[in-house]
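The values are calculated or read from the model by the stated rules, or taken from the named source; none is laboratory data. A quick note: this is a predicted structure, and the numbers were derived from the prediction, not measured. Note that each Cβ is placed from the backbone with ideal geometry, even for glycine, and that neighbours are counted across all protein chains shown. What goes into the accessible areas is simple: the full protein's heavy atoms, side chains included, and nothing from ligands, DNA or RNA. Shrake-Rupley method; radii C 1.70, N 1.55, O 1.52, S 1.80 Å.
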Amino acid sequence: MITVTRKRFTIEEYHRLGELGFFHEEEQVELIRGEIITMPTKKTPHSVCNTRLITQLVLLLGEKVTIRGQEPIIIAPDSEPQPDVVIAINKPDDYLSSHPCPEDILLLIEISDSTLKYDKKTKLPLYSEARIQNYWIINLVDNYLETYQQPFQDLQGNFNYRNKLIILPDTTVAIPEFLDLYLELNRIFPSRSQQSS
């Protein structure tokens, strides 16, 4: 009987594959628990939402933090996801020496349409296990924001967040670690007509 095993990569091996040109330039890939995942092409509402979100965060937070859009983070030893937005503490070298690690991250945001199930079932437990304290999903399918706080591990060994809150797009939400600063969600969500494209 033949046993089939999957090759899992470390972050170092993944970087080496990139250096050797294994990935197409236009191809967006992530390393998740040692597996190389090809991400779907972003639709127009996703791009609009991402642009609006970063614009509003920069206006609100200025240079108090580092705001990164669709750039990698490091979850050792075998994950390098590329969240849509990361708010991280400032570093003197602007993360030239290394992408942000979980202890650097104040808030991680995924914008979800075709990736909604993946962001909930695969990425959420990964981020919880990494002890990322604040995870948001901008849910473009149901048209609301899902906020997750307080990562924990249950008795079966599964990772999740204790607190989940659904926030509708006609309201505001405080930015974690900056509770006096509020993000107006109606400035973030695309209109329903935009989401149909």
Pick from region 116-132 the residues that are buried (at least 20 other Cβ atoms within 10 Å of the Cβ) and not hydrophobic (A, V, I, L, M, F, W, C): which of them is farthest from Ala88 (Cα to Cα)?
-> Asp119
If you take the residues in region 10-54 that are under 30 Å from Phe189 (Cβ atoms), in contact (Cβ under 8 Å) with a residue 60 or more places away in the chain and of a type in the set (D, E, K, R), which one is least open to solvent (accessible area, probe 1.4 Å)?
-> Arg52
If you check Glu184 against the conditions, is it surrounded by 12 or more Cβ atoms within 10 Å (Cβ to Cβ) and at pLDDT below 95?
-> no
If you check Leu165, Leu185, Leu155, which single one turns out to be under 26 Å from Thr122 (Cβ atoms) and in contact with a Pro (Cβ under 8 Å, 6 or more places away or on another chain)?
-> Leu185
Any chance region 153-168 includes a residue that's of a type in the set (Val, Ile, Thr), surrounded by 13 or more Cβ atoms within 10 Å (Cβ to Cβ), within 20 Å of the chain's Cα centre (by Cα) and under 22 Å from Gly62 (Cα atoms)?
-> no
Total residues in region 10-59, condition acidic (Asp, Glu), in a strand (DSSP E or B) and touching a strand residue (DSSP E or B) at 6+ places or on another chain (Cβ under 8 Å) = 1
Matching residues, region 99-118, being touching a strand residue (DSSP E or B) at 6+ places or on another chain (Cβ under 9 Å) and either among the polar types (S, T, N, Q) or in a loop (DSSP other than H, G, I, E, B) (or both) | His99, Pro100, Cys101, Ser112, Asp113
Answer residue from region 86-102, given it is farther than 13 Å from Tyr127 by Cβ and either in contact (Cβ under 8 Å) with a residue 24 or more places away in the chain or aromatic (Phe, Trp, Tyr) (or both) and is surrounded by the fewest Cβ atoms within 10 Å (Cβ to Cβ) among those = Asp94
For region 169-181, enumerate the residues that are surrounded by fewer than 14 Cβ atoms within 10 Å (Cβ to Cβ) and in a loop (DSSP other than H, G, I, E, B).
-> Asp170, Thr171
In region 139-152, which residues are open to solvent by 40 Å² or more (accessible area, probe 1.4 Å) and either among the aromatic types (Phe, Trp, Tyr) or not in a loop (DSSP other than H, G, I, E, B) (or both)?
-> Tyr144, Gln149, Gln150, Phe152
All but one of (1) touching an Asp or Glu at 6+ places or on another chain (Cβ under 9 Å); (2) closer than 16 Å to Leu126 by Cβ; (3) in contact (Cβ under 8 Å) with a residue 24 or more places away in the chain hold for Ala76, so report the exception by its number.
-> (1)
